[in-house]
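For reference, the structure discussed in these notes is given below.
The values are calculated or read from the model by the stated rules, or taken from the named source; none is laboratory data. Owing to the predicted nature of the structure, the values given are computational and were not obtained by experimental measurement. Quick reminder, even Gly has a Cβ in these numbers, built from the backbone with ideal geometry, and neighbours come from all protein chains shown.
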Amino acid sequence: MTRHPRAAWIVFGLPVIIGLAGAGLVWSWSGDLPDQIARHWGGSGAADGFSSLTASIATTLAVGPGLALLAGAVIWALKVPSRVTAAITVGLTSFVIGLDLATTGAQRGLEDASDVELSTWWFLVAIGASVIGCVAGVLLTPRDRYEGSRPDDPVPAASSANWSGVVRSQVFLGISGVISLAGVALLFLPSLGFMIGVILVLTGLPLLATAWWRVSIDQHGVRLRTFLPWPVWRVTADRITGAELTTIGPGDVGGWGLRMTPRGTSLAYQRGEAVVIHRRDARPLSIVIDDASGAAAAVNAQIRAD
């Protein structure tokens, strides 16, 4: 994997810029803020922790950009794709800074910070800032370049390049469904209940969206999609060099579900035979699925037809 020189500037530089910009904005409010500003709230919604403005800004910079850069350095060393790393560092920083701006901004004009009244909107501001940060990190970061690979023991090509199969986990579908439904129910509660509901929904829906995949192979390439409109993953036929078989399990690829490692991208919910799709410009894509040999033969039928 070869990273673009600009990737490091986005992964490590953008969180610093966001953090300093947020700190500068909060500092510009110093004349409108109480001497001691609220930094922590109890379950009842009342402020129960206070600090000076200087200490507040220092803490925010340490927790936001500081933790983001530390996490980014570890993830970068593990050779996680640059775009994923940027989404994590920029998204985390944006969440912390957004949270700080929302909670501190609500105290402008108050003599006593304990009088601040916060509604659930401030939490939504932080979530929105995090989503925007993740998207910006991905869009601004150039793609990594890969040498690609070819199969050592390709499966004989089938007579047809058309094939379809399903990868799913009943356990993950059940767990993610329960989490999502619980989150939706909590959205109708005030204050703390609403915030917990948002967290559960944001956790459950991505799990639900990736617990069931339809794998389709035809003359155009390979397509993976969930039962939801998104995400959809396509590998066009001109990028495929061939397919072979292997046996892998979640323990071999870093966990259940969709995983990205320096060795390749994998989709595995159980141990079994997997089709390994080799690509010209990316790491291999491995999918544990029923009739993996049929999938590999269909992929190689594309290569033969081309």
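Of all residues assigned to the stretch 221-229, at least one qualifies as being under 17 Å from Arg279 (Cα atoms) and touching a Phe, Trp or Tyr at 6+ places or on another chain (Cβ under 6 Å).
Of the candidates Ile127, Ile88, Ile75, the single residue that is surrounded by 19 or more Cβ atoms within 10 Å (Cβ to Cβ) and touching a residue at least 12 places away in the same chain (Cβ under 8 Å) is Ile88.
Of the residues screened, Arg259 is one that is surrounded by fewer than 22 Cβ atoms within 10 Å (Cβ to Cβ) and either within 30 Å of Gly174 (Cβ to Cβ) or within 28 Å of the chain's Cα centre (by Cα) (or both).
Restrict the check to the stretch 106-120 and report whether at least one residue is closer than 15 Å to Gly13 by Cα, among the small types (Gly, Ala, Ser) and surrounded by fewer than 21 Cβ atoms within 10 Å (Cβ to Cβ). No, there is no match, as no residue in the stretch 106-120 is closer than 15 Å to Gly13 by Cα, among the small types (Gly, Ala, Ser) and surrounded by fewer than 21 Cβ atoms within 10 Å (Cβ to Cβ). On the basis of being assigned by TED's automatic domain parsing to the domain that holds Val11, β-branched (Val, Ile, Thr), assigned to a loop (DSSP other than H, G, I, E, B) and surrounded by 14 or more Cβ atoms within 10 Å (Cβ to Cβ), does Val80 make the cut? Judged against the criteria, Val80 is a match. Reported count of residues in the stretch 250-291, each being touching a Ser or Thr at 6+ places or on another chain (Cβ under 9 Å) and part of a helix (DSSP H, G or I), is 3. None of Leu189, Leu118 is without any contact (Cβ under 8 Å) to a residue 40 or more places away in the chain and outside any helix (DSSP H, G or I) except Leu189. Selection of the stretch 105-114 for residues being over 12 Å from Phe50 (Cβ atoms) and assigned to a helix (DSSP H, G or I) yields only Gly105. Residues in the stretch 163-186 that are outside any strand (DSSP E or B) and of a type in the set (Val, Ile, Thr): Val171, Ile175, Val178, Ile179, Val184.
For the residues Arg259, Arg279, the requirement of being among the charged types (D, E, K, R), closer than 22 Å to Val84 by Cα, at pLDDT below 90 and not assigned by TED's automatic domain parsing to the domain that holds Arg83 singles out Arg259.
In a residue-by-residue description of the stretch 162-170, the property of being closer than 17 Å to Ile88 by Cβ and either at pLDDT below 95 or surrounded by fewer than 20 Cβ atoms within 10 Å (Cβ to Cβ) (or both) applies to no position. Taking the stretch 224-249 as the range and being of a type in the set (A, V, I, L, M, F, W, C) and either under 26 Å from Val171 (Cα atoms) or part of a strand (DSSP E or B) (or both) as the test, the residues that pass are Leu224, Phe227, Leu228, Trp230, Val232, Trp233, Val235, Ile240, Ala243, Leu245, Ile248. Close Cβ contacts (under 6 Å, 6 or more residues apart or on different chains) running from residues in the stretch 45-56 that are more than 11 Å from Leu33 (Cβ to Cβ) to residues that are surrounded by 12 or more Cβ atoms within 10 Å (Cβ to Cβ) and hydroxyl-bearing (Ser, Thr, Tyr) comprise Gly45/Ser191; Ala47/Ser114. Only one of the numbered conditions (1) hydroxyl-bearing (Ser, Thr, Tyr); (2) modelled with pLDDT of 85 or more; (3) crowded, with 17+ Cβ neighbours inside 10 Å is not met by Thr210, and that is (2).
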